[in-house]
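Below: one structure in structure tokens.
The values are calculated or read from the model by the stated rules, or taken from the named source; none is laboratory data. Note that the structure is predicted; figures quoted are calculated from it, not measured. Because the Cβ atoms are built from the backbone with ideal geometry, glycine has one as well, and the counts that use them run over all protein chains shown. Heads up: the accessible areas ignore ligands, DNA and RNA and are worked out on the full protein's heavy atoms, side chains in. Shrake-Rupley method; radii C 1.70, N 1.55, O 1.52, S 1.80 Å.
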4 protein chains.
Amino acid sequence: MKKLILILCLVPVAGVADNTAPRARDLGIPFDGTPGALNAITDVASVTVGHETIIEDFPDGRAARTGVTAILPRGKASNDEPVFGAWFSLNGNGEMTGTTWVEESGFLEGPVMITNTHSVGTVHQATIQWRIDQGAADSSGFWWSLPVVAETWDGYLNDINGFHVKAEHAQAALDAATGGPLAEGNVGGGTGMICHEFKCGIGTASRIAKTSEGDYTVGVLVQANYGLREQLRVAGVPVGQHLREDKVWTEDVAPDAETGSIIIVVATDAPLLPHQLKRLARRAALGLARIGSVAGNGSGDIFIAFSTANEGANQADPGVEVRVLANENIGPMFAATVEATEEAIVNALVAGRNMTGNRGHVVKAIDHSQLIDVLRKHNRLVE
Amino acid sequence: MKKLILILCLVPVAGVADNTAPRARDLGIPFDGTPGALNAITDVASVTVGHETIIEDFPDGRAARTGVTAILPRGKASNDEPVFGAWFSLNGNGEMTGTTWVEESGFLEGPVMITNTHSVGTVHQATIQWRIDQGAADSSGFWWSLPVVAETWDGYLNDINGFHVKAEHAQAALDAATGGPLAEGNVGGGTGMICHEFKCGIGTASRIAKTSEGDYTVGVLVQANYGLREQLRVAGVPVGQHLREDKVWTEDVAPDAETGSIIIVVATDAPLLPHQLKRLARRAALGLARIGSVAGNGSGDIFIAFSTANEGANQADPGVEVRVLANENIGPMFAATVEATEEAIVNALVAGRNMTGNRGHVVKAIDHSQLIDVLRKHNRLVE
Amino acid sequence: MKKLILILCLVPVAGVADNTAPRARDLGIPFDGTPGALNAITDVASVTVGHETIIEDFPDGRAARTGVTAILPRGKASNDEPVFGAWFSLNGNGEMTGTTWVEESGFLEGPVMITNTHSVGTVHQATIQWRIDQGAADSSGFWWSLPVVAETWDGYLNDINGFHVKAEHAQAALDAATGGPLAEGNVGGGTGMICHEFKCGIGTASRIAKTSEGDYTVGVLVQANYGLREQLRVAGVPVGQHLREDKVWTEDVAPDAETGSIIIVVATDAPLLPHQLKRLARRAALGLARIGSVAGNGSGDIFIAFSTANEGANQADPGVEVRVLANENIGPMFAATVEATEEAIVNALVAGRNMTGNRGHVVKAIDHSQLIDVLRKHNRLVE
Amino acid sequence: MKKLILILCLVPVAGVADNTAPRARDLGIPFDGTPGALNAITDVASVTVGHETIIEDFPDGRAARTGVTAILPRGKASNDEPVFGAWFSLNGNGEMTGTTWVEESGFLEGPVMITNTHSVGTVHQATIQWRIDQGAADSSGFWWSLPVVAETWDGYLNDINGFHVKAEHAQAALDAATGGPLAEGNVGGGTGMICHEFKCGIGTASRIAKTSEGDYTVGVLVQANYGLREQLRVAGVPVGQHLREDKVWTEDVAPDAETGSIIIVVATDAPLLPHQLKRLARRAALGLARIGSVAGNGSGDIFIAFSTANEGANQADPGVEVRVLANENIGPMFAATVEATEEAIVNALVAGRNMTGNRGHVVKAIDHSQLIDVLRKHNRLVE
């Protein structure tokens, strides 16, 4: 019965945006800065996102609550047109494959894939296969791929050692990628994720950065799965200290330390070079800190940033030119990254829905009205 | 006349703690965690700190408002007994010399010196001279020193191109170093510093980290000199958006972006190895983020962490053993670092005193009663 | 017919050492330093290595020439007893998963797996499955694995997009791991690899480092697959400039730049901390440079170092102590790493055997007598 | 009397090129690649170099044998027109100030200064003063400098604790900087330096890199002061094992490990971005390795690379464009860097001249005819 309720509640968010679900600012939570039209990573033109959500219950009490999320920097052109990219690890208890080449080359080639910890291998190979199927350079047999695949751990709600993510799921996420409004919460790679001991998952937000060289968009997508309850701050208010009930972790699983992780993807259309994108990736840590994270030992807090500007930058032709935003004018980009990260995480939290998963484990979503109450008491509600 | 007032106001904090001045928690500002006895970096046994404050006015309108702060990990034994150490640069628009060897060797040898940007050279050589005078290994002529000297920029209040810091000032700071309560605010290297467009300077705080392997102390000292007014958050409350008046920068100097820097020194008695201390150094960024910083392009946000445990770790004898805190138990150390950093910065801000400096530039301290008012309105005051 | 010859020649090296095959120093090639008893990574006590070699021909001209090599730092205890570890990327056009956690934690947990570029995913998941099957912490469902899987590209001789490496191959390599003499050349992950346009593959060597704190062993294993012919230097002699014939690359595949990669694994029993192991990993680059590599853009030159000393270092109990070799005494460890890397690469080259692979591509091994001739002409042969 | 001879022998190289002194390839030492017209870093247009050599003897037996070398990427325009830059530390037992900002910003602003270890402070402040005197941005009092000052240790031949380098010496080196042929050996910052236990110092070389996008120049300048005798390899020949006499270190100073350091400056006119310049900086390690270095614990092996292309790249105007050499075409740049580094070090060694210094310490230069003999015996002499 629980399962029935669960499935009903999940259907609307399985890969498509639930336009009726409130997002963080719909609740009156205040944020700094100006969001883009969708307040999503897809405000950065050409970025597409696809979710594949896997919900399945098995007779023996095991349950699949997992999935894959694919972010394509240039949509369908992502295989052939790399973007400048860079990464940063705030706390590396996690995996993001492909980063050694991102660091070396300054380019992110192909999509960013996010799944659960034990499905990295499947998604890695599936992404190569998909590239070959798409006729990318690898299909010649004389080129190679170093896909970027990241993860967070969903082993509380998901039967992670059942390896329920298959190659077709990764490919479905890639094929489903579109622009426009995005589903958040219990969806795609975020399906079984937990933040600050509330149900969580995928979240997104964006900002318009007004620089002296013009306006640029910064979009952030997070797969959020980290944090202890008492550390949670929303709009600066220590709400986790006020909402102490309904904490996860049954007696058989009582971690005395922070586990879980957060993957943060920062996209922009500003013409930033790789070393400048690393600066953006590092700022994602500051947005995360505003929510109260101390980046616990068990957390894989790994961030990647890319710029969709400068198409053709990797062309092996003489005279290739790229535009550059001056360091002196980069400040608004930093603020935008911090602010969009902060809001994307709160969006993931607000979009979370109660879930019953593997072996009957239950994780509740944050109660919107309780959250509003705490913020109001601290004069931090936009009403 | 202004100058007279200024001098009167500065005398009490010139190198000795002003026991009557309120600190952040004296005002009722709430913080997480449990501080040590002094709520200062000197709660870490053996750590000593010395300030040398330089206040001088010249007939042509130039004024010296600068100084040097020395942190000695093992007090007078610091030259001969290195500590494990590590560093992290959140935004490297600044200098911390000696870090290449800290990174390579895993050791911090000798003191950490903090001064203004253009006095790094003087303090660097003075520290070597002091080591020689103390009979450290260099005095043989067959060893060498790679001192750690960091800086922030005080050119608004201080005639920075006058190079007013002399060798004797650095050596005085070193010689003055003691344990016990510390002066904060307009003192030592922090004399002419500015945070979020309020007068600022040196701040310190500490935490007791309760780990599964026992209690350890984390002490933090900051030389804080960064940030725009509107970004300032205290206890999560965006106070900078409520206290908009008295902003610095006269018309002749109107930076449209964040300038300044923050140096953060993290000390602990927990037995951490160099790679673990790098994890602590990185957490200082999270404490800084709680105050609202986005680590602006012009900011030199450079952090160093060291452990006073494991004396003798560098001995070139067979069988040297060192204790290690397990990664699994390190979580409380991370929280302690974030919390102590957060409080140390607020302490620096609260301890700041109005100052008139170079060419008559004036910077006002944050008004304590206004700050209290804003916090009370947000239900974030401990009363 | 070619295939028949090929198979006959490969059988002896498919996973077991061919005791009759000469190694580099058997040919009279001079090297500095003193090797261990086996002149192999397995001279480091507890290190075991397993190869799984995949040779298969398909009717359509495609051919599998690939495999997996597993290095277990503590043999069968590797899952439960991590080793201190560190990594370095000289040129990151390659993959070594798991390094983010190695860097963060200072530990290498479990084996190092090496395979071909497009089989990283399969081997990644297979390693997790193997850990679960072995009853490692993951099997609880409440822990996770971040396996270390590295690769080089064998797409000239191997049908790399056929994904011929299966989970059982990875597990077979793990199960086959033993100490003692090792097979080199066309074996395991090195089966289809090419160096300096000669057939190459796996190579190993070791050194005894005589430090002031006692003798320690450094063992190196390489999967070598990089380099242009004219860059090849053996014992300092530019032999590649004298042995210009039989270069690989048919007309349909004529790279005008260096492709391929080299994975270098450095093992030691010296009590080095993670930051010291990073220093060792970096020295592998210097050994590689002696053979003439300039670390071409297409090369994934990624190195990992670990120490088998300090068993129990990760225990979450109070008072854990670890031994440390002083930096001051580490010099012989550096020389040993450089020298063992240099010899391991030459061993991989000398052990290579002619191979006909995918689509009839042929790569010849270096001709031992020609190599000897060139060295003799330069007075660099031990006779 | 010794001193008299010494002074006579040093005069010709004190800051100006000695056109009669043979360089490495004049002796018949073979090198790969094609040098530029001068075979010097000044083959990169706009790069200028100045040396200030300090030779002074004191009645008490102390002697100054030291100096300063200044490299200006854009000659007199270097203060106002930054160059893209990056750095790499192979072994960080040394200092290169300013690198934190180079890493963060991607720019090298102003000159690279090289001196002795204990004069870093003096040269640091002198460089700021010089910038102010030149009317650079700092002179406003509202900008700041983070000079790049590197060092190696000359305490065997030089009275290093006498701090004989003064501000005027640094400024003289800056003012003296010119293009054209360069002095090598006992000159500038290299005056008292020692390599592989031979007298050494400054060396330079260059290469023309023929890329698919056109020809570019790579110039290298080293201040070389590292290495044990037995490790020395020239043209791949282990000459250090054949030239064992005249080793330095009297009985009172008998290091049992490698001390000293090498600073390597790599300049190019190729349009490389900062992350690509880091790749070049890393290749300097491979050139150093060819000479036999294992980067000993006591060595500060720190490298910086910059590109003179893309003037105006830091301009804070909209639409700034920069040219980029494709990664795919960068291979010849890597080879050029390795080869020019190798030759620059041998040039430093060949240019060294016997020196008697502090407390009568004597260091002999390598004997050219002995060196030639050894190379001839190994069939490695161009005759």
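Note the full-extension length gain between D:Asp26 and D:Asp80 as 0.36 nm times their separation in residues minus their Cα-Cα distance, in nm to one decimal.
Here the answer is 15.6 nm.
As an exercise, find the ratio Rg/Rh for the range B:269-351 from alpha-carbon atoms, using the Kirkwood inverse-distance average for Rh.
Rounded to two decimals, Rg/Rh equals 1.07.
On to the next question. On average over all directions, what projected area in square nanometres does the range B:197-330 have, based on the convex hull of its Cα atoms?
Approximately 10.4 nm², given one-decimal rounding.
Can you compute 3J(HN,Hα) from phi for each residue in the range C:203-214, using the Karplus curve 6.51 cos²θ - 1.76 cosθ + 1.60 with θ = phi - 60°, rounded to whole Hz and x for Gly and Pro?
So the Karplus estimates, Gly and Pro as x, are x, 8, 6, 8, 9, 9, 9, 8, 9, 5, 9, x Hz.
Relative to a virtual label point 7 Å from the Cα of C:Thr34 in the Cα→beta-carbon direction, which members of the range C:197-241 show backbone nitrogen distances below 15 Å?
C:206-218
How much length, in nm to one decimal, is gained on full extension between C:Thr178 and C:Arg376, taken as 0.36 nm per residue of separation minus their Cα-Cα distance?
Contour length minus Cα-Cα distance gives 67.6 nm.
Report Rg (one decimal) and Dmax (nearest whole number) for the range C:82-241, counting Cα atoms only, units Å.
17.4, 57
Computed over the Cα atoms, what is the radius of gyration of the range D:88-161 divided by 2.2 N^0.38 Å, N being its residue count?
Compared with the compact-globule rule of thumb, the range D:88-161 sits at 1.20.
With the label 7 angstrom out along Cα to Cβ, how close does B:Asp175 come to the same site in each of the other copies, in nm, nearest first?
3.6, 7.5, 7.9
Could you give the dipole magnitude of the range C:108-199 about its Cα centre, charging the beta-carbon of Lys and Arg +1 and that of Asp and Glu -1, in debye to the nearest 20?
Dipole magnitude for the range C:108-199 comes out near 40 debye.
Another question, then. Just to check I understand the Karplus step: with θ = phi - 60° and J = 6.51 cos²θ - 1.76 cosθ + 1.60, what whole-Hz values come out for the range D:237-245, glycine and proline as x?
Taking θ as phi minus 60°, the curve returns 8, x, 5, x, 7, 9, 10, 8, 7 Hz for the range D:237-245.
Sticking with this one: When the accessible area of chain B is computed with all protein chains present and a 1.4 Å probe, what percentage of it is carbon and sulfur?
50 percent
Rounded to the nearest 20 Debye, what is the dipole magnitude of the range C:170-292 about its Cα centre when Lys and Arg each give +1 and Asp and Glu each give -1 at the C-beta?
560 debye
For the residue pair A:His368 and A:Gln241, what label-to-label distance in nm results when each label sits 7 Å from Cα along the Cα-to-beta-carbon direction?
The two pseudo-label positions are separated by 2.8 nm.
Can you pull a Stokes-Einstein diffusion coefficient for the range C:314-383 at 20 °C (1.002 mPa s), Rh from Kirkwood over Cα pairs, as a whole number of µm²/s?
Roughly 128 µm²/s, to the nearest whole number.
What gaps in nm, shortest first, separate D:Glu311 from its twins in the other copies when you place the label 7 Å past Cα toward the beta carbon?
Listed shortest first, these distances are 3.3, 6.0, 6.6 nm.
Continuing with this model, one more query. Quick one: give the max-minus-min coordinate of the C-alpha atoms of the range D:176-240 along each principal axis, largest first, in Å.
If we take the Cα atoms of the range D:176-240, the spans are 41, 35, 14 Å.
Still on this structure, I have one more. Hey, can you grab everything whose amide H is under 5 Å from the amide H of B:Asn91? Only 5+ residues off in sequence or another chain; H modelled, so Pro and N-termini drop out.
Sorted by chain and number, the residues that satisfy this are B:Asp301.
May I ask you to rank A:His169, B:His361 by accessible area, largest first, using a 1.4 Å probe over the protein chains only?
Descending order: A:His169, B:His361.
How high is the relative contact order of the range B:233-361, given as a whole-number percent (alpha carbon pairs under 8 Å, six or more residues apart)?
32 percent
Give me a comma-separated list of calculated 3J(HN,Hα) values for the range D:34-45, in order, Karplus coefficients 6.51, -1.76, 1.60 applied at θ = phi - 60°, integers in Hz, x for any Gly or Pro.
10, x, x, 4, 9, 6, 8, 4, 6, 5, 7, 3
Kirkwood hydrodynamic radius for the range D:260-309: how many Å is it when counted over pairs of different Cα atoms?
11.5 Å
Nearest 100 Å² is fine: how much accessible area is buried between A and D, summed over both sides, with a 1.4 Å probe?
2200 Å²
At a Förster distance of 25 Å, what's the computed FRET efficiency of D:Ala167 paired with B:Arg359, Cβ-Cβ distance as r, to 0.05?
The value I calculate is 0.45.
Evaluate the relative contact order of chain C (contact order divided by residue number), counting alpha-carbon pairs under 8 angstrom at least 6 apart; express in whole percent.
It comes to 25 percent, rounded to a whole number.
Next question, about the same structure. Calculate log10 I(q)/I(0) of the protein assembly as shown for q = 0.04, 0.05 Å⁻¹, where I(q) comes from the Debye formula with a single equal point scatterer on each Cα and nothing for solvent.
-0.23, -0.36
What ranking of D:Lys278, B:Lys166 comes out by heavy-atom accessible area, probe 1.4 Å, highest first?
In descending accessible area the options line up as B:Lys166, D:Lys278.
Then there is this: Quick one: compute a quarter of the convex hull surface over the Cα atoms of the range B:23-98 and quote it in nm².
9.2 nm²
How many angstrom lie between the Cα centre of the range A:301-315 and the Cα centre of the range A:97-125?
Using only Cα atoms to place each centre, the spacing works out to 14 Å.
Let me ask something else. Could you provide, to the nearest whole Å², the per residue accessible area of chain D with probe 1.4 Å?
28 Å²
Where in chain B are the helices, taken as whole DSSP H runs, whose Cα atoms extend 27 angstrom or more along the long axis and whose Kyte-Doolittle mean reaches at least 0.0?
Within chain B the helices that satisfy the rule are B:331-351.
Considering the Cα positions of chain A, please state its Rg to one decimal place and its Dmax as a whole number of Å.
When restricted to the Cα atoms of chain A, Rg and Dmax are 19.5, 65 Å.
Another question about this same structure. Looking for one value pair here: nearest-to-axis residue in chain B (by Cβ) for the rotation onto C, and the distance in whole angstrom.
Closest Cβ on chain B to the axis mapping it onto C, in Å: B:Glu321, 2.
Placing a label point 7 Å from Cα toward Cβ, how far apart in nm is D:Lys247 from its equivalents in the other copies, listed shortest first to one decimal?
Relative to the other copies, D:Lys247 has label-point distances of 4.2, 6.4, 6.7 nm.
Quick one: putting +1 on the C-beta of Lys and Arg, -1 on the C-beta of Asp and Glu, what dipole do you get for the protein assembly as shown around its Cα centre, in Debye to the nearest 20?
0 debye
Which value does Rg/Rh take for the range B:126-186 over its C-alpha atoms, Rh per Kirkwood?
Rounded to two decimals, Rg over Rh is 1.04.
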